[in-house]
1. Considering only protein heavy atoms, what is the solvent-accessible area of Trp318 at a probe of 1.4 Å, reported in Å² to the nearest 10?
2. If R0 is 41 Å, what FRET efficiency do you get for Arg6 and Ser145 from their C-beta distance, rounded to 0.05?
3. Ignoring ligands, DNA and RNA, please state the percent of accessible area on the range 249-323 from carbon and sulfur, probe 1.4 Å.
4. Test of understanding: extend the Cα→C-beta vector of Ile270 to 7 Å, then name every residue of the range 207-231 with backbone N under 15 Å from that spot.
5. Return the subset of Lys394/Lys448; Lys268/Lys373; Lys103/Lys154; Lys160/Lys198; Lys263/Lys294 for which the Cα-Cα distance in this structure is over 27 Å, preserving the input order.
6. Set the Förster distance to 45 Å, then compute FRET efficiency between Glu237 and Glu439 from the Cβ-Cβ distance, nearest 0.05.
7. Hey, rough spin-label estimate for Asn184 and Arg36, points 7 angstrom out along Cα→Cβ, what's it come to in nanometres?
8. For the range 262-271, take each phi angle, set θ = phi - 60°, evaluate the Karplus expression 6.51 cos²θ - 1.76 cosθ + 1.60, and give the result in whole Hz per residue in order, putting x for glycine and proline.
Amino acid sequence: MVAADRISNLHEEIIHHIMSFLSFSEAIRISVLSKRLNSVWRTFPLPVIEFDQELFEEKRKRPLDEMLDSVSERNIQKMSRFSGYTEDFLRRRGPDSFLRKFKLRTHCVLDVDRCVDYALENRVQELDIRSDKEENFSSLGRIVSINPEVFAAKSIRVLKLSGLELGIQNLILTDSLIEELSINHCDSLETVGIFSDKLLFFELRCGPRLLDIEIDSPNLQSLTFDGGDEPTEEFREINLGVLESLKSLSLRNAEIVIDLWIKENLSKLISLENLSIEGWQYSSNVQISHPRLKNFEFLNCTEEVDLELVTPNLVSLWYSGILPSSIRLTSTSTQCEARISLTSISSTIECFVALKWFLSRFRDCKLVNLEFKEQVVFPEELKERWFAPMVNLKHLRVEFEKCSCSWSHVEVVAMLLQLSVCPNTLSIVQRSNSQDPAEMIIKFNYSKKVAGPEDKAPSAK
């Protein structure tokens, strides 16, 4: 006796309800069990459609792939399978009135525009297209292109593009309704101009060809720029308008003269609370003066720099790199927590004198977290005339790699007490690649001296 197919005979709404409990891939598989389920599947509302070539290949590994003679042949098979899968899926689907997000992650899909057109036809709100730069597909001439008209789509509120050929050198965004825009490693761009009132979040990671950037979006709240690791042939021009709503700004390898750029632009960012600068060059004196700044990062310093902070509301400071020649904290809050990551400390007296002066700038901070990449050894001749540079500090934390420090806990505590003489807590963290960090916390209790019979009582005047 053949078992009856009871599910296919149910009402469409009930089958939709059953499919709602299944994952995206499970709902696809159930649609091939009968013509009725396939028909119902075409109208099943999907708020999210996601294609991931890496996951697709992981689930569909075939012995035939290993029998092919060359990597190129195997990749052609993979490309053909994934492209066929996405095309068949979109062909079988009807209009998706509930579609909210469309995501595609691929190495070499032949027709990305087909996917984008489907998303736009169904008025998608979030579009995320990512082309991974996988070396194995370089023999196929891996360039995944996308129609630049996507920037003018009326339905899109979130647009994320990565590793694509945009087909344009100059991107100008004016009347767009996009609220969140992310462009990563779309290396054809040479100039970018953002003049949209709707844009709230903008992330731009680029190659050395992009040299001219202008942003004047009054409602922008977050701006991230990453110039990549390949140097440019000339300085970049990054011009900002009066961004009254900007709260977070991150610049990495911007290839700008940072001190001049700060003088020209920082005063325009009246609401700025978070500032991160990494990999700067061509500057020896940097002054950050801002009344509302709360979090500041100055990372990967490889050149000597004089840094001055006039930031009365600063609560978090992170500095990493070599020992700077000078740092001044003016009007900084006593609630500030500082993280200091020093790449190398030599055992010379001159270096430790500079270290003592540097650490003394943080004596009024609430907490200092020191990270040493190498073992620190105090010169013996300096110990007799060394005084704790962070005399008012109450909480000190030190981190180091386990393999780089052969000290015992007693020796580490002795070293820390030469930095802060009367702390409330000392924390020692040893990191290891193979294990979770091990942390030891020491709490100190201080009692007042009780006057003995031989001590004179204080006199009242």
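1. Surface accessible to solvent at Trp318 totals approximately 70 Å².
2. On the way: r = 48 Å, r/R0 = 1.16.
That gives a FRET efficiency of 0.30.
3. On the way: 1430 of 3040 Å².
Using a 1.4 Å probe with all protein chains present, the range 249-323 comes out at 47 percent carbon and sulfur.
4. In the range 207-231, the label zone of Ile270 (backbone N under 15 Å from the point 7 Å along Cα→Cβ) covers 218-220.
5. Details: Lys394/Lys448 17 Å; Lys268/Lys373 37 Å; Lys103/Lys154 18 Å; Lys160/Lys198 16 Å; Lys263/Lys294 19 Å.
In this structure, Lys268/Lys373 exceed 27 Å between Cα atoms.
6. Numbers: r = 46 Å, r/R0 = 1.02.
Efficiency, from the Cβ-Cβ distance: 0.45.
7. So the two model labels end up 4.5 nm from each other.
8. 5, 4, 7, 10, 5, 5, 6, 9, 6, 9
The values are calculated or read from the model by the stated rules, or taken from the named source; none is laboratory data. Note that this is a predicted model, so its numbers are computed, not measured. Virtual Cβ from ideal backbone geometry, glycine too; neighbours counted across all protein chains shown. Quick note on the areas: whole protein, heavy atoms, side chains included, nothing else; ligands and nucleic acids left out. Shrake-Rupley method; radii C 1.70, N 1.55, O 1.52, S 1.80 Å.
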